[in-house]
1. I'd like to check something: does region 221-242 contain any residue that is closer than 29 Å to residue 44 by Cβ and acidic (Asp, Glu)?
2. For residue 161, work out the one condition from (1) closer than 24 Å to residue 72 by Cβ; (2) assigned to a loop (DSSP other than H, G, I, E, B); (3) modelled with pLDDT of 90 or more it doesn't fulfil.
3. Of the numbered conditions (1) surrounded by 14 or more Cβ atoms within 10 Å (Cβ to Cβ); (2) charged (D, E, K, R); (3) farther than 24 Å from residue 190 by Cα, residue 171 fails exactly one; give the number of that condition.
4. What number of residues within region 33-90 are without any contact (Cβ under 8 Å) to a residue 40 or more places away in the chain, at negative phi, of a type outside the set (Lys, Arg) and part of a loop (DSSP other than H, G, I, E, B)?
5. Within region 208-234, work out how many residues are closer than 25 Å to residue 255 by Cα and buried (at least 20 other Cβ atoms within 10 Å of the Cβ).
6. Looking at (1) polar (S, T, N, Q); (2) modelled with pLDDT of 95 or more; (3) closer than 20 Å to residue 66 by Cα, find the lone condition where residue 172 falls short.
7. Taking the conditions exactly as written (over 30 Å from residue 33 (Cα atoms), of a type in the set (D, E, K, R), modelled with pLDDT of 95 or more and surrounded by 13 or more Cβ atoms within 10 Å (Cβ to Cβ)), does residue 117 satisfy them or not?
8. Check off (1) charged (D, E, K, R); (2) in contact (Cβ under 8 Å) with a residue 12 or more places away in the chain; (3) under 22 Å from residue 167 (Cβ atoms); (4) assigned to a strand (DSSP E or B) for residue 107 and give me the number that stays unchecked.
Amino acid sequence: MTGIRRVIAVFGVACGVLAAWAPGLRAAAEVHRLSLVVSSNPTQIVGGDFNDFLSTYNRTVLAPRGLETLEKITTSWYYQAELRFFVRPNVAVSAGLGQIRSSVHLEYLPRISQSIEHRAEVLTVPVHVGAAYYLAPYNQGDFQARAYLGGGFMSYTANKAIFERTEAQTDTATTLGGNFKERGDRDAPGYYLEVGAHMFFAVRYSVMLGVIYRNALIRNLALTIDSTSPDGRVVTHRTLHTQPTLSLDMGGVGARMALGIGF
């Protein structure tokens with residue numbers, strides 16, 4: 001969370017610099033029809049069955065042995081780039097893609113030269129198309145701010161949920177059951193809703209601040225499970241997309257902090 005606060009503070013300073021710099025140019029606010037919008041958005045991850053799986057693992061495997069438990073995956077950064085085009089003075093359409101990735105790690109050192117590592121990770125690459133309606137502008141000299149409401153469709157691609165346990169040199173007294181890796185993947189549709197303010201200055205750059213909600217429930221992940229048998233062989237088991245399995249919910253509410261570059 002310290003990193004998130006630091007980035008928000010830096011973004012706020014950058015907005016202040018733009019606002020202070022633009023009046024000195026003594027020109028009207030530039031509103032470009034076409035802009036490249038790049039953003040780094042702190043966002044919530046609901047998690048769904050994947051977080052429930054981590055809770056069950058904590059309760060049945062780690063807690064009974066008095067070991068530190070794994071944290072749930074609840075936050076991440078949503079890195080996004082899109083093209084935004086004003087088809088009318090108050091209507092803009094957009095299309096772009098991004099990435100959401102988050103992980104937790106936990107390592108135990110039961111004895112000298114022994115280690116047990118846990119890794120849980122989620123990943124998605126959202127592709128979106130949408131539109132936004134802009135309300136009447138507020139003008140102050142060469143500064144213009146416009147509130148907007150928007151939404152659209154999303155396709156969540158390259159979805160992955162990974163849980164992995166790796167043991168090194170453990171014995172019967174310290175093992176948690178050997179090496180284990182479970183991977184789930186499947187693409188899924190979703191949608192988003194957003195509200196915020198778009199601020200224009202007397203330069204080609206603009207700033208967007210707002211809130212975005214994403215619906216991103218990925219049902220019935222196709223699972224691949226690798227486990228180590230007592231004789232050291234790796235056993236792989238795969239499920240089909242048609243079989244009911246875990247879900248992964250990459251949706252949530254996040255802040256939007258974006259920089260627009262007009263063309």
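1. Filtering region 221-242 for residues closer than 29 Å to residue 44 by Cβ gives 221-225, 239, 241.
Filter once more, so that each one left must be acidic (Asp, Glu): none.
The answer is no, given that none of the residues of region 221-242 is closer than 29 Å to residue 44 by Cβ and acidic (Asp, Glu).
2. (2)
3. With (1) surrounded by 14 or more Cβ atoms within 10 Å (Cβ to Cβ); (2) charged (D, E, K, R); (3) farther than 24 Å from residue 190 by Cα applied to residue 171, the lone miss is (1).
4. Adding up the residues that qualify gives 3.
5. Summing the residues that are closer than 25 Å to residue 255 by Cα and buried (at least 20 other Cβ atoms within 10 Å of the Cβ) in region 208-234 gives 6.
6. Unmet condition: (2).
7. Considered against the rule, which asks whether it is over 30 Å from residue 33 (Cα atoms), of a type in the set (D, E, K, R), modelled with pLDDT of 95 or more and surrounded by 13 or more Cβ atoms within 10 Å (Cβ to Cβ), residue 117 comes out as yes.
8. Checking residue 107 against (1) charged (D, E, K, R); (2) in contact (Cβ under 8 Å) with a residue 12 or more places away in the chain; (3) under 22 Å from residue 167 (Cβ atoms); (4) assigned to a strand (DSSP E or B), the one that fails is (2).
The values are calculated or read from the model by the stated rules, or taken from the named source; none is laboratory data. This structure is a prediction, so every number in the text was calculated from the model and none was measured. Here Cβ is always computed from backbone atoms with ideal geometry, including for glycine, and neighbour counts include all displayed protein chains.
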